[in-house]
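Visitor: Pasting a structure here, questions to come.
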Amino acid sequence: MKASKLLATTSMAALSLSLFGGVSANASMNNMHHADKSSMKMMHNKGKNKSMHMMKMDGLVMNMNSAMPKGLKKDTHAKFHVGEKVILKADHMKGMKNAKATVAGVYKTKLYKIDFKPTNGGKEVKNHKWVVASELSAKGALKAGESVTVKADHMYGMKGAKGKIVSTNKGPAYTVNFKDKQTGMNIKNHKWLVQSELEAE
């Protein structure tokens, strides 16, 4: 009798462990499933957010951390002043035209419309507006038809690109903060606009 009871007790214990192990395994599998779904959702959202921040201009991804050229002199006699509210009349990129903006900077410098071949292998960019004199290197005077090397990094594939000047503008050169009408993104210190591309709000 004692042997039978011992065997029965052992069998019950083994069954309990088996059942408990099965429940634990199922619980673990369920937790892993939910974790995977959450991870996938986070990765999807991360990718979505990343794509939202990939603003484009002239077919190239914009560099939102583009540095301001050194040595620029502020223009205190321009039509529009820092902090002034304006309407953008330029259409350099989708979502820009007729957007409300604030003047972030005004500088005494000539600006240039250029053609250039991106360093990342993209197709040639035609009539890019604008770059300022200190963002170009060239032999001789900077004039229409002159070959140049681009030092600006407004967009990826721009810095180091070979190009030529299409036309010039005497300035001043403006940077602006505005909310893109297409994406809703807030763009800070967008470079560059000329005076005729701004209108008083």
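Visitor: Out of the residues in the stretch 122-135 that are over 19 Å from the mean Cα position of the chain (by Cα) and not in a strand (DSSP E or B), which is surrounded by the fewest Cβ atoms within 10 Å (Cβ to Cβ)?
Guide: Once the filter is applied, the top-ranked residue is 123.
Visitor: If you take the residues of the stretch 111-121 that are surrounded by 17 or more Cβ atoms within 10 Å (Cβ to Cβ) and not hydrophobic (A, V, I, L, M, F, W, C), which of them is farthest from residue 165 (Cα to Cα)?
Guide: It comes out as 118.
Visitor: Moving to a separate point now. Across the stretch 79-93, what is the total count of residues that are part of a loop (DSSP other than H, G, I, E, B) and under 19 Å from residue 127 (Cα atoms)?
Guide: Residues meeting the conditions: 5.
Visitor: List the pairs whose first member sits in the stretch 68-81 and is farther than 21 Å from residue 196 by Cβ, whose second member is surrounded by 10 or more Cβ atoms within 10 Å (Cβ to Cβ) and hydrophobic (A, V, I, L, M, F, W, C), and whose Cβ atoms are under 8 Å apart, counting only residues at least 6 apart or on separate chains?
Guide: Partner pairs satisfying both residue conditions: 69/132; 69/152.
Visitor: I'd like the full set of residues that are out of contact with any helix residue (DSSP H, G or I) (no Cβ under 6 Å at 6 or more places or on another chain) and in a loop (DSSP other than H, G, I, E, B), limited to the stretch 94-121.
Guide: If the condition is that a residue be out of contact with any helix residue (DSSP H, G or I) (no Cβ under 6 Å at 6 or more places or on another chain) and in a loop (DSSP other than H, G, I, E, B), then 94, 95, 96, 97, 98, 99, 118, 119, 120, 121 are the ones that fit.
Visitor: Next question. Considering each residue of the stretch 138-180, count those that are among the hydroxyl-bearing types (Ser, Thr, Tyr) and free of Cβ contacts under 8 Å to residues at least 24 places away in the same chain, and give that number.
Guide: The qualifying residues number 2.
Visitor: Since residue 76 meets every condition but one in (1) more than 21 Å from residue 155 (Cα to Cα); (2) modelled with pLDDT of 90 or more; (3) not in a loop (DSSP other than H, G, I, E, B), which condition does it not meet?
Guide: (3)
Visitor: Scan the strands (runs of 3 or more DSSP E) fully inside the stretch 136-201 and keep the ones with 3 or more residues being under 26 Å from the mean Cα position of the chain (by Cα) and surrounded by 21 or more Cβ atoms within 10 Å (Cβ to Cβ).
Guide: Per the criteria, 173-179, 186-194.
Visitor: Kindly indicate whether any position in the stretch 110-121 is modelled with pLDDT under 95, in the same structural domain as residue 188 (by TED's automatic domain parsing) and out of contact with any Pro (no Cβ under 6 Å at 6 or more places or on another chain).
Guide: Among the residues of the stretch 110-121, at least one is modelled with pLDDT under 95, in the same structural domain as residue 188 (by TED's automatic domain parsing) and out of contact with any Pro (no Cβ under 6 Å at 6 or more places or on another chain), which makes the answer yes.
Visitor: Is one or more of the residues making up the stretch 162-183 touching a Ser or Thr at 6+ places or on another chain (Cβ under 8 Å), assigned by TED's automatic domain parsing to the domain that holds residue 196, aromatic (Phe, Trp, Tyr) and under 21 Å from residue 199 (Cβ atoms)?
Guide: yes
Visitor: Restricting the search to the stretch 79-101, which residues are under 10 Å from residue 178 (Cβ atoms) and buried (at least 16 other Cβ atoms within 10 Å of the Cβ)?
Guide: Result: 86, 88, 95, 96, 99, 101.
The values are calculated or read from the model by the stated rules, or taken from the named source; none is laboratory data. Treat the numbers as computed from the prediction; the structure is a model and nothing was measured. In this analysis, Cβ positions are derived from the backbone assuming ideal geometry, glycine residues included, and neighbour counts consider all displayed protein chains.
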